[in-house]
């Protein structure tokens, strides 16, 4: 009788063993940043760029200083890069970080940019915590396709200048106010920007009052 009870107990214990679910077999960057084995693909691939042409830069010196760093196509790759490069607030004077969709160079002359424009905001150099937060949230909005008119977004730039930081979001076109305003509003809310954003065409300044959000 005792043997029967033991066998029954053993059987019940085996039946009660937790069987790992399919999801639990995969480790993500969110629950184990070191040993993750699963990745979350992005809708688009994005390329990080860097440049610092110096104070007295020309078109040629700027192009020579522009460096393509790495292209990422998963959430995990983004965090791997972000956590291992210098923060925006620590960049040297005249430096720029760029994050653009793969295949688009961060220059006005690129076919994807030449008819577009940019939403931008400037902050004083003392706003080091704020600039890093806005820059991160802007990049996340870009790679996370947070915009209603996602096709309008080409990339984003953070710049370090004497006395100020600047963050800009580049768009594919500048002739559709409705789309531009939608992008600007999403940019402002996603990045938690407390201030006024202004839109400027890459080609020629628009006549009259600029678009603002």
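Please work out the FRET efficiency for the pair residue 84 and residue 209, using the Cβ-Cβ distance as r and a Förster radius of 30 Å; give the result to the nearest 0.05. Write out the running numbers ahead of the final one.
Numbers: r = 43 Å, r/R0 = 1.43.
After rounding to 0.05, the efficiency reads 0.10.
Per residue and in cubic angstrom, what volume does the convex hull of the Cα atoms of the stretch 41-201 have?
Details: hull volume 16.9 nm³, N = 161.
Given the Cα convex hull of the stretch 41-201, per-residue volume reads 105 Å³.
Would you kindly state how much longer the chain becomes between residue 161 and residue 194 on full extension, computed as 0.36 nm times their sequence separation minus their alpha carbon distance, in nm to one decimal? Before the final figure, lay out the partial values.
Details: separation 33, 0.36 × 33 = 11.88 nm, distance 2.03 nm.
Answer, rounded to one decimal: 9.9 nm.
Residues of the stretch 64-84 with amide nitrogen under 15 Å from the 7 Å Cα-to-Cβ point of residue 37?
none
Taking only C-alpha pairs under 8 Å that are 6+ residues apart, what is the relative contact order of the stretch 41-201 in percent? Can you show the working numbers first?
Working: 295 pairs, mean separation 41.6, N = 161.
Reported relative contact order: 26 percent.
If neighbour count is taken as other Cβ atoms inside 10 Å, put 139, 86, 181 in order from fewest to most. The partial results should precede the final answer.
On the way: 139 21, 86 11, 181 15.
Ordered from fewest to most neighbouring Cβ atoms within 10 Å, 139, 86, 181 come out as 86, 181, 139.
Between residue 26 and residue 177, what FRET efficiency comes out of the Förster formula 1/(1 + (r/R0)^6) with R0 = 41 Å and r the beta carbon distance, rounded to 0.05?
Working: r = 45 Å, r/R0 = 1.09.
The value I calculate is 0.40.
Ranked by Cβ crowding within 10 angstrom, fewest neighbours first, how are 212, 71 ordered? Show your work: numbers first, answer last.
Values: 212 11, 71 15.
Ranking 212, 71 by Cβ neighbours within 10 Å, fewest first, gives 212, 71.
At 7 Å along Cα-to-Cβ for each site, give me the label-to-label distance between residue 133 and residue 93 in nm.
2.8 nm
Just want the ordering: 154, 142, 89, from fewest to most Cβ atoms lying within 10 Å of their own Cβ. Write down the numbers at each step before the final one.
Details: 154 21, 142 24, 89 17.
So the residues, fewest neighbours to most, are 89, 154, 142.
Given a Förster distance of 25 angstrom, what is the FRET efficiency for residue 55 paired with residue 122, based on the Cβ-Cβ distance and rounded to 0.05? Don't skip to the end; give the middle numbers.
On the way: r = 18 Å, r/R0 = 0.73.
The formula returns an efficiency of 0.85 here.
Readers should treat all values here as calculations from the given coordinates under stated rules, not as data from a laboratory. Computed from a prediction, not measured in an experiment: that's the story for all the values here. Quick reminder, even Gly has a Cβ in these numbers, built from the backbone with ideal geometry, and neighbours come from all protein chains shown.
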